[in-house]
Amino acid sequence: MEAIYLENCQVGLTFKSRSYHLTEEEAISFAEKYDPQPFHLDKSAAENSFFKQLCASGWLVTAIMMKLMVESIPFKHGDIGAGVTLNWTKPVYPGDDLHIEGKITDFKASKSKPDRGIAFVSVKVINQEDDVVLENESKVVVFAKDKDFS
């Protein structure tokens, strides 16, 4: 896919990422550092929780989504966020294979800064069972092709 600039950003543009395999080690390591809840850290504690098994932090799933977005959507000047709405719709477990599917749903050129606009991007994180585990609506700054940041 060619690089996306202000000049060629189109509503309806779709993308799909590669698959990402989530390991137990990664889920626990992330939880130890950033989301130390028992159902993310300990199998026994998780069995006695709402989830009934060890599950990944939603924040880890969000970080994986971001990685896959950056790899999959070629915004030339980066995926510079201007706002986001997240919905975690199903738990993610170690061993799950995740990918994203997304689409540019709207685009607004800036009236005050003609070298940029905002792309509205809808992304779904999907597991190996085709279950949507996270829904995301992002606003992303898109710059003109000749924008120079030096």
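The values are calculated or read from the model by the stated rules, or taken from the named source; none is laboratory data. Here the structure is a predicted model, which is why all the values come from computation and not from measurement. With ideal geometry, Cβ positions are generated from the backbone for all residues, glycine too; neighbour counts draw on all protein chains shown. For accessibility, only protein heavy atoms count, side chains too; no ligands or nucleic acids. Shrake-Rupley method; radii C 1.70, N 1.55, O 1.52, S 1.80 Å.
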Selection within region 17-38 - open to solvent by less than 60 Å² (accessible area, probe 1.4 Å), among the charged types (D, E, K, R) and either in contact with a Cys (Cβ under 6 Å, 6 or more places away or on another chain) or over 17 Å from LYS67 (Cα atoms) (or both): ASP35
Output for region 70-81, where each listed residue is among the acidic types (Asp, Glu) and either open to solvent by less than 60 Å² (accessible area, probe 1.4 Å) or in a strand (DSSP E or B) (or both): ASP79
Any hit, region 104-116, residues being at pLDDT 95 or above, open to solvent by less than 50 Å² (accessible area, probe 1.4 Å), in contact with a helix residue (DSSP H, G or I) (Cβ under 8 Å, 6 or more places away or on another chain) and under 30 Å from ALA3 (Cβ atoms): no
Boolean, VAL84 is among the β-branched types (Val, Ile, Thr), surrounded by fewer than 17 Cβ atoms within 10 Å (Cβ to Cβ) and assigned to a loop (DSSP other than H, G, I, E, B): no
Pair list, Cβ < 9 Å and 6+ apart or interchain, from region 21-45 residues that are on the phi > 0 side of the Ramachandran plot to residues that are of a type in the set (S, T, N, Q) and open to solvent by 50 Å² or more (accessible area, probe 1.4 Å): none
Residue count for region 78-94, restricted to those that are within 11 Å of the chain's Cα centre (by Cα) and without any contact (Cβ under 8 Å) to a residue 12 or more places away in the chain: 0
Single match in ASP130, ASP146 (criterion: on the phi > 0 side of the Ramachandran plot and open to solvent by 50 Å² or more (accessible area, probe 1.4 Å)): ASP130
Count of residues meeting criterion [in a strand (DSSP E or B), of a type outside the set (Ser, Thr, Tyr) and within 14 Å of CYS9 (Cα to Cα)] in region 103-133: 12
Candidate set: region 39-53, residues that are of a type in the set (A, V, I, L, M, F, W, C) and over 20 Å from VAL132 (Cα atoms); chosen: the one surrounded by the most Cβ atoms within 10 Å (Cβ to Cβ): PHE39
Residue that is nearest to PHE75 (Cα to Cα), among those in region 1-53 that are basic (Lys, Arg) and more than 18 Å from the chain's Cα centre (by Cα): LYS33
Any hit, region 88-96, residues being farther than 15 Å from LYS124 by Cβ, open to solvent by less than 40 Å² (accessible area, probe 1.4 Å), of a type outside the set (A, V, I, L, M) and part of a strand (DSSP E or B): no
Pairs with Cβ under 7 Å, 6+ apart, first in region 50-77 and among the basic types (Lys, Arg), second part of a loop (DSSP other than H, G, I, E, B) and open to solvent by 10 Å² or more (accessible area, probe 1.4 Å): LYS76/ALA3; LYS76/TYR5
